[in-house]
Every structure is written in C-alpha cells, then in structure tokens.
Amino acid sequence: MSTIGERLRAVRSERGLTLASVAEAAGCTHSYLSQIENGKKEPSRTLVTALATRLVLSERWLLTGEGPRDLVPAPTFARLSLDDDESLVRHMTAMAHEATHYALGSPGPEGQLVELLLAQAAWWSSATPEQRAWFRVQFRREFPEVAAKGKKSV
C-alpha cells in the first residue's frame, strides 16, 4: 500500500466500516473521503489527525506506511466487552499499556492516548452506575464495530 488512500481503504474495509461512517466521524463528506481513497485528493493534516484518531491508527503510519499501524492492537478491541465492569477496566488499562509500547516519547496523539486510557480506567473505578451507563451509550455510538463485537463476546 503506497498511498494514504490505499492504507485508509484497507483499514476501513478490514474493520467493516462504511465510507459514510468514517467520513462523518472525521468531519468530511463521504465523496471527499472517496476521492482520497482513490488517490484524487490529498487530505489536510487536520483530516489525517481526525482519521487516525477515529480509526485508532498511528498518524505516521497513515501518512507514510512506516512504523506500527495500530495504536491499540486489534486483538485488544476484539476482546473488549462493554457489559462487564471489571473486564472493561482491565481492557482499558491493558490498552493503555499496549499503546505505551507504540507511544514512547510521542508528544502527539499517541502519547495522549495512553494518558486518556489510564485516566478513563481510573474514572471508571469510581464512577456511579449512571455514569457508567452514560459511558457505555457514548462508546457504542462512537465505536459501533467494537460494541457489536462486545455483545457477541458476552
């Protein structure tokens, strides 16, 4: 995969995401994203950051094809269950530790991901049942592909 469009399409297809859902989450139109995937347009740096964040990818890999692809390895997401409190905390912490491997010395989004995951795991431990329910709803809205896997694994 030599272009950002090819890499983007491969990840999107692998994860079963539609062009429209990724475009909406990244803040662009599906036709513009299609043009990027087909090599007709180049995304702005802001859009690359949004796509990498939404797809939990390394910006460096998305831009160049070099380095680790996933900030959080796919098997971690595949094991994630939103219905078991202890499991969710355990997986958030594991994702933070796995992401640390990719983010060492990263001042950008990769380093911030580690901090976010650890903070989320700490918050979850002290959250009320209502707060946890709110989080589950928000997570399922943002990551429907993960939520669907979580329902199957329970």
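The values are calculated or read from the model by the stated rules, or taken from the named source; none is laboratory data. In this text the structure is predicted, and so the values were computed from the model without any measurement. Methodologically, a virtual Cβ is constructed for each residue, glycine included, from the backbone with ideal geometry; neighbour enumeration extends over all protein chains shown.
So E24 fits all but one of (1) within 19 Å of E142 (Cβ to Cβ); (2) modelled with pLDDT of 90 or more; what number is the exception?
(2)
Just the residues that are in contact with a helix residue (DSSP H, G or I) (Cβ under 8 Å, 6 or more places away or on another chain) and modelled with pLDDT of 90 or more, please, taken from segment 41-60.
Narrowing segment 41-60 to residues in contact with a helix residue (DSSP H, G or I) (Cβ under 8 Å, 6 or more places away or on another chain): 41-43, 47-59.
Correct list: K41, E42, P43, L47, V48.
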